[in-house]
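Take a look at the structure set out below.
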Amino acid sequence: MPRVIGGRYGLSSKEFTPTMVKAVFDEMKKSQPKNHFTVGINDDVSHTSLEYDPNFSVEKDDVVALYSTD
């Protein structure tokens with residue numbers, strides 16, 4: 001049977017970046033991934049947030065981005 005997990009992203013109009021996509025795929029690789037996770041916000045109530053590396057980039061080194069991930 002395939003493994004199915006679910007989560008929420010883009011809450012309160014937050015961006016959903018490639019870094020956050022990587023966090024979801026990294027979570028799916030775990031033997032016991034979180035189900036009903038959140039990504040992109042700090043869920044300090046139910047502690048379901050996925051950690052992600054804000055320095056991860058899919059851009060080449062010579063690309064200059066004019067946006068902020070804050």
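Once all Cα-Cα distances of the chain are split into 10 Å bins that start at 0, what whole-number percent is in each one?
18, 48, 25, 8, 0
If you roll a 1.4 angstrom probe over the protein chains with everything in place, what fraction of the accessible area of the chain belongs to carbon and sulfur, to the nearest %?
Values: 3070 of 5810 Å².
Looking at the chain in its full context, I get 53 percent from C and S.
Lysines near residue 14 by alpha-carbon distance under 23 Å, same-chain residues fewer than 8 away left out - which ones?
22, 34
Summing -39500 (n - 2.57) over the DSSP H runs of n ≥ 4 in the chain and dividing by its residue number, what mean residue ellipticity at 222 nm do you reach, to the nearest 500 deg cm²/dmol?
Result for the chain, helices only: -5500 deg cm²/dmol.
Below 8 Å, C-alpha to C-alpha, sequence gap of six or more: please give me the relative contact order for the chain in percent. Write down the numbers at each step before the final one.
Working: 70 pairs, mean separation 23.9, N = 70.
Once normalised by length, the contact order is 34 percent.
Where in region 14-58 is the amide nitrogen less than 17 Å from a point lying 7 Å along the Cα-to-Cβ axis of residue 4?
28, 33-37
By the scheme Lys and Arg +1, Asp and Glu -1, what is the net charge of all other residues having a beta-carbon under 13 Å from that of residue 43?
Cβ neighbours under 13 Å give a net charge of +1.
Per residue, what accessible area does the chain have, given a 1.4 Å probe and all protein chains present, in Å²?
Using a 1.4 Å probe on heavy atoms only, each residue of the chain averages 83 Å².
The values are calculated or read from the model by the stated rules, or taken from the named source; none is laboratory data. Computed from a predicted model, the values in this text were never measured in an experiment. Ideal geometry is used to build each Cβ from the backbone, glycine not excepted, and the neighbour counts take in all protein chains shown. These accessible areas exclude ligands, DNA and RNA; they are computed on the full protein's heavy atoms, side chains included. Shrake-Rupley method; radii C 1.70, N 1.55, O 1.52, S 1.80 Å.
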